[in-house]
Amino acid sequence: MSSPPPVRRLAAKRRNKVSLLLQFSLQWLYLPVWGVVAVALGVLVALASAGLNPPLRWFDVRRGALSPHRFHVEWVSDPALWDTYAADRIRSKVEKANANPARYGGRVAPDGNRELTVTVPAVHFRGVGPDRAIAIAQSLGWTAQLKGNGREVWNAGALRLTGTIQSDSP
C-alpha cells in the first residue's frame, strides 16, 4: 500500500479588501491610543511593585500596524511580490541575528559555534505559505520549523529559524 502524497501547505487565502483598507486607515487613530495606554501601563508597572508583570508584547505598538509596503503587497496579492516581501523579511531577520548574536544567542554547540534562533511571524510569509518560507530560510543556510498557533488551520503562528555562526572565541 502506497503512502499518500505529502500535504503541501499553501498560502493563506487573500484578505478581504474592505477589512484591509479599514485596518490601514483606522490604524492612524488606534495606534496613538495604544501607545498612550502602553506608556501608562509601563508607568503603572514601574510605580507599583505589586508584582504586576504584563507580557512585553503588550508594549509593542508595531504589532497592530500595517506598513504601507505590506498594505500594498496584501492589496495587490501578487505571488511574485509576496515572494520578494517574504524573502526580504526572512533575510532581514537572519542578518539581524548574524549582526547581533548576543541578542539571539541560543546555546553554544560542542564545536564552539553558537546556535541562534530567530522567530518570523506568520504575517511576513502568509502570501507564499510556510513551505516557500522554509525554502527561503534553507537557501540562506538556516533550518526552519513551523510553530503552531494552537488552531487546526494551515498556518503556523510563526516560523522558527535556527542557524549556526562561528564563535568569536578561539
Applied in sequence order to the stretch 13-30, the curve 6.51 cos²θ - 1.76 cosθ + 1.60 (Karplus, θ = phi - 60°) yields integer Hz couplings, x standing for Gly and Pro, of 5, 4, 6, 5, 5, 5, 5, 5, 5, 5, 4, 5, 6, 6, 4, 6, 8, 7
Tell me which lysines have Cα within less than 18 Å of Lys93's Cα, excluding those fewer than 8 residues away on the same chain?
Lys147
Radius 12 Å from Cβ of Ile136, net charge of other residues (Lys, Arg +1; Asp, Glu -1):
+1
R0 = 41 Å: FRET efficiency of Arg15 with Asp111, Cβ-based, nearest 0.05?
0.40
Excluding Glu115 itself, what net charge comes from residues whose Cβ is under 13 Å from its Cβ, given Lys and Arg +1 and Asp and Glu -1?
+2
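Just so you know, all these numbers are worked out from the coordinates, no wet-lab data involved. The structure displayed is predicted, hence computed values, not measured ones. Note that each Cβ is placed from the backbone with ideal geometry, even for glycine, and that neighbours are counted across all protein chains shown.
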